[in-house]
Amino acid sequence: MKSITIQGVKRENVGKVATRELRNAEQVPCVIYGGAAPIHFSADEKAFKGLVYTPEAHTVSIELADGSKFDAILQDIQFHPVTDRIIHADFYQMDENKPVTIEVPVRLVGRARGLVAGGVLRFNMRKVKVRAIPANLPDQIEIDITPMRIGHKMYIESLKNEKYTFAHPDNAVVVAIRTSRNAIKDADLDEDEA
């Protein structure tokens, strides 16, 4: 999985006044959980651009000014309701033997047979929650929809893998091909191809 580096500085004061001063200086107050004790730090607001404003999933390498480094995942992020600026971020420290849960994008490959016949693509889950140890976390889940006909559905159950598990029920529909008014009978397609 791709990783992004965020440079930060440990925070001494964690009160409201100190937090407001950080935000005014375009710094984001952050916390790392999952270790022996929570670590409070601040980072430049621009450092989050490649982590937050992208459809891709990333792990985070946090480097503090005192030389300490932490591998983490973004657990939660809060935005200002009016300006949409980042006002706080929570990270979860990763351990290479401990599984973590992260949202991963789903990518469709191919052109479904049902779409050629006039069906409509229903892409229900553009991101799925995956649980795995950090070494087995995928960048994305790729689904080949080429053989799908009108009425076919792709369930979470069919995407199962030995390296990771999904935090969704097995019968959750990821993608489906629905019928439409201008759909032609799939048997007609068979005759054209023959």
Fill in: Table column - 3J(HN,Hα) (Hz), segment 54-61, Karplus curve with 6.51, -1.76, 1.60, x for Gly and Pro
8, x, 7, 9, 9, 8, 10, 9
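Report the calculated FRET efficiency for residue 153 and residue 5 (r = Cβ-Cβ distance, R0 = 35 Å), to the nearest 0.05.
On the way: r = 40 Å, r/R0 = 1.15.
FRET efficiency, residue 153 to residue 5: 0.30.
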Item to complete: Determine how large the accessible area of residue 68 is when every protein chain is in place; take a 1.4 Å probe and give Å² rounded to the nearest 10.
Response: 30 Å²
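Loop-only check: which GluC sites (Glu not before Pro) in segment 1-95 are DSSP coil with at most 15 other Cβ within 10 angstrom?
Numbers: sites: 12, 21, 26, 45, 56, 63; in loops: 12, 26, 56.
Those that pass, being in a loop and sparsely packed, are 12, 26, 56.
Which links in 49/69; 16/98; 98/153; 49/163; 129/153 stretch past 27 Å when you go from one Cα to the other?
On the way: 49/69 20 Å; 16/98 34 Å; 98/153 33 Å; 49/163 29 Å; 129/153 19 Å.
The pairs that break the limit, which is 27 Å between Cα atoms, are 16/98; 98/153; 49/163.
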Discussion item. Spelling out what I want: for every residue of segment 129-143, take phi, set θ = phi - 60°, compute 6.51 cos²θ - 1.76 cosθ + 1.60 (Karplus), and round to whole Hz; glycine and proline get x.
Written reply: 8, 10, 10, 6, 6, x, 5, 9, 5, x, 6, 7, 9, 9, 10
Worksheet item: Please state the equivalent ellipsoid semi-axes for the chain: what are the square roots of 5 times the Cα gyration tensor eigenvalues, largest first, in whole Å?
Response: 44, 19, 12
Worksheet item: What nm value, rounded to one decimal, do you get for the distance between residue 139 and residue 181 when each label is placed 7 Å out toward the C-beta?
Response: 4.2 nm
Fill in: Whole-Hz ³J(HN,Hα) from phi, Karplus 6.51 cos²θ - 1.76 cosθ + 1.60, for segment 21-34, glycine and proline x
4, 4, 5, 5, 8, 6, 10, 10, x, 9, 9, 10, 9, x
Worksheet, complete the sentence: One computes Rg over Rh for segment 68-161 from alpha-carbon atoms, with the Kirkwood Rh, and obtains 1.11
Response to the item:
Residues whose modelled amide H sits under 5 Å from the amide H of residue 75, counting only those 5 or more places away in sequence or on another chain, are 90, 91, 92
Worksheet item: In whole Å, what is the distance between the alpha-carbon centres of segment 58-96 and segment 137-168?
Response: 29 Å
Practice prompt. Collect residues whose amide H, placed 1.01 Å from N in the peptide plane, falls under 5 Å from the amide H of residue 174; neighbours closer than 5 in sequence don't count.
Written response: 154, 155, 156
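The values are calculated or read from the model by the stated rules, or taken from the named source; none is laboratory data. Bear in mind that the values here come from a model prediction, so they are computed numbers and not experimental data. All Cβ positions, glycine included, derive from the backbone under ideal geometry; neighbour counts span all protein chains shown. Protein only, heavy atoms only, side chains kept; ligands, DNA and RNA dropped before computing areas. Shrake-Rupley method; radii C 1.70, N 1.55, O 1.52, S 1.80 Å.
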